[in-house]
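Report on the structure given below.
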Amino acid sequence: MSAVAFIGLGTMGQGMAANLVAGGHDVTVWNRSAVAAEALPSERVVVAASIAEAVAGAEFVMYALADDAAVNDVVLGAQGIAASVDVTSIVIDLSTISPAASAAEAAAFSARGVRFLDAPVFGSKGEAANGGLWIVVGGDEATFESSKVVLEPISATLHYMGPSGNGAKMKLVGNLVVAAQLEALGESLSLAKKAGLNLHDVLGVFAVTDFRSPIFDGVGAAVAANDYSPSFALKLMLKDGNLVKDFAESLGVAVPGTIATVGTIERAVDAGYGEENASALIKVLASDAGVDLAE
Ligand code: NAP
């Protein structure tokens, strides 16, 4: 078993770190807000006082941070991971960030001869808690193979996507689909309700027809139950929507559907739903239609 430093104990990091502990690894954690570590089994986790202390002697350094700004602070800052990590460590970024920020990290680690993988995750709070994430990985393939010992305890499937940065790119490609599904679910349920259909009947059809999706199943049931408690905060969905937009723009690819969805998300954040689940964008579509989706 390995010595692992885990940094960033938010919604996703808590579950990942707990599964690394359950997998028998020796885990040292650091989080900006010290209180977050209290949710982990204290007898089996070391809580470090600084980033440098957390990464000292670690075979693997893993982190799940909010966004590019957090990575800039925690990874690229003067006292950050890139400056502190042992040269023999393997560093694995599980955050959803821009391809540019991922490239900046890769360059910083490469300059010190440290092996680095970009490994963002699909799945949400539940999959993080039960070790069932779907992880997309970019970087050197031998480093990926060596990292399976810490990636397998937190994942259902691992997908090697190719060179450094390809994990970050795949994550944005996938989140384009997630955003489109949430927008489609909100528009379709609002239309169905306005047309007088029963939402449970509608979701029953979505569950068996050839466009079925776990997102329609899970989020659909939660919307009908008026449950918008956060697994994936809407404010993070706004970050991701903008990352997809900027990524597509940088490649000259038109994404009109994503642009429309980002507009919906912005209105939902403006309405005060930023800390609720990403599905709260549906509230704006329902309100536009003049319907209440709670059954
Ligand atoms: P979260 O609950 O908001 O946690 C974010 C983490 O980043 C916290 O540990 C936070 O520390 C830390 N952080 C933020 N800004 C920081 C800064 N400037 N300096 C130091 N630490 C900072 O987010 P999450 O839901 O766990 O998501 C983590 C990453 O996974 C994000 O990139 C997200 O897009 C991605 N992701 C999330 C989901 C999901 O369903 N939630 C699914 C797939 C991917 P504090 O505790 O001190 O605030």
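The values are calculated or read from the model by the stated rules, or taken from the named source; none is laboratory data. Computed from a predicted structure; not experimentally measured. Reconstructed Cβ throughout: ideal geometry from the backbone, glycine too, with neighbour counts over all protein chains shown. SASA here: full protein model, heavy atoms, side chains in, ligands and nucleic acids out. Shrake-Rupley method; radii C 1.70, N 1.55, O 1.52, S 1.80 Å.
List of remarks:
- Rounded to whole Hz, the Karplus (6.51, -1.76, 1.60) HN-Hα couplings of region 260-266, x for glycine and proline: 5, 5, 4, x, 5, 4, 4
- Computed over region 215-263, the quotient of the alpha carbon radius of gyration and 2.2 N^0.38 Å is 1.41.
- Karplus-derived 3J(HN,Hα) values for region 110-123, using 6.51 cos²θ - 1.76 cosθ + 1.60 with θ = phi - 60°, are 4, 4, 9, x, 9, 6, 9, 10, 8, 9, x, 10, 9, x Hz; glycine and proline are entered as x.
- The protection proxy used here, the mean number of other Cβ atoms lying within 10 Å of each residue, ranks peptides 35-46, 182-193 as follows, highest first: 182-193, 35-46.
- Expressed as a whole percent, the accessible surface of the chain that belongs to carbon and sulfur atoms is 57, based on a 1.4 Å probe.
- Cα point-scatterer Debye curve for region 74-159, base-10 log of I(q)/I(0) at q = 0.11, 0.21 Å⁻¹: -0.30, -1.01
- Rounded to the nearest 500, the helix-only mean residue ellipticity at 222 nm of the chain stands at -15500 deg cm²/dmol, with each DSSP H run of n ≥ 4 adding -39,500 (n - 2.57).
- Net charge dipole, region 170-289: roughly 20 debye, given to the nearest 20, about the Cα centre with Cβ charges of +1 for Lys and Arg and -1 for Asp and Glu.
- For region 146-179 and region 75-117, distance of Cα centres in Å: 17 Å
- Per residue, the accessible area of region 170-289 comes to 47 Å², computed with a 1.4 Å probe over protein heavy atoms only.
- Using only Cα coordinates, the Kirkwood hydrodynamic radius of region 122-232 works out to 16.0 Å.
- Count of lysine pairs in the chain with Cα separation under 22 Å (8 or more residues apart, or interchain): 19
- The alpha carbons of region 206-295 give a radius of gyration and a Dmax of 14.0, 43 Å, in that order.
- Cα long-axis angle, helix 234-250 against the chain (0 to 90 degrees, to the nearest 10): 80 degrees
- Contact order relative to length of region 3-163, as percent, for alpha carbon pairs under 8 angstrom and 6 or more apart: 21 percent
- Calculated accessible area for region 3-163 comes out at 39 Å² per residue, all protein chains present (probe 1.4 Å; ligands, DNA, RNA ignored).
- Cα gyration tensor shape of region 7-91, rounded if a/c is under 1.5, else prolate or oblate by comparing a/b with b/c: oblate
- For the peptides 151-164, 94-107, residues were scored by their other Cβ atoms within 10 Å and the scores averaged per peptide; the highest-first order is 94-107, 151-164.
- The chain: relative contact order as a whole-number percent, Cα under 8 Å and 6+ apart: 14 percent
- Averaged over residues, the count of other Cβ atoms within 10 Å places the peptides 263-273, 221-231 in the sequence 263-273, 221-231, highest first.
- Considering all C-alpha pairs of region 3-163, those separated by over 24 Å amount to 23%.
- Per principal axis, descending, Cα span of the chain in whole Å: 62, 46, 34
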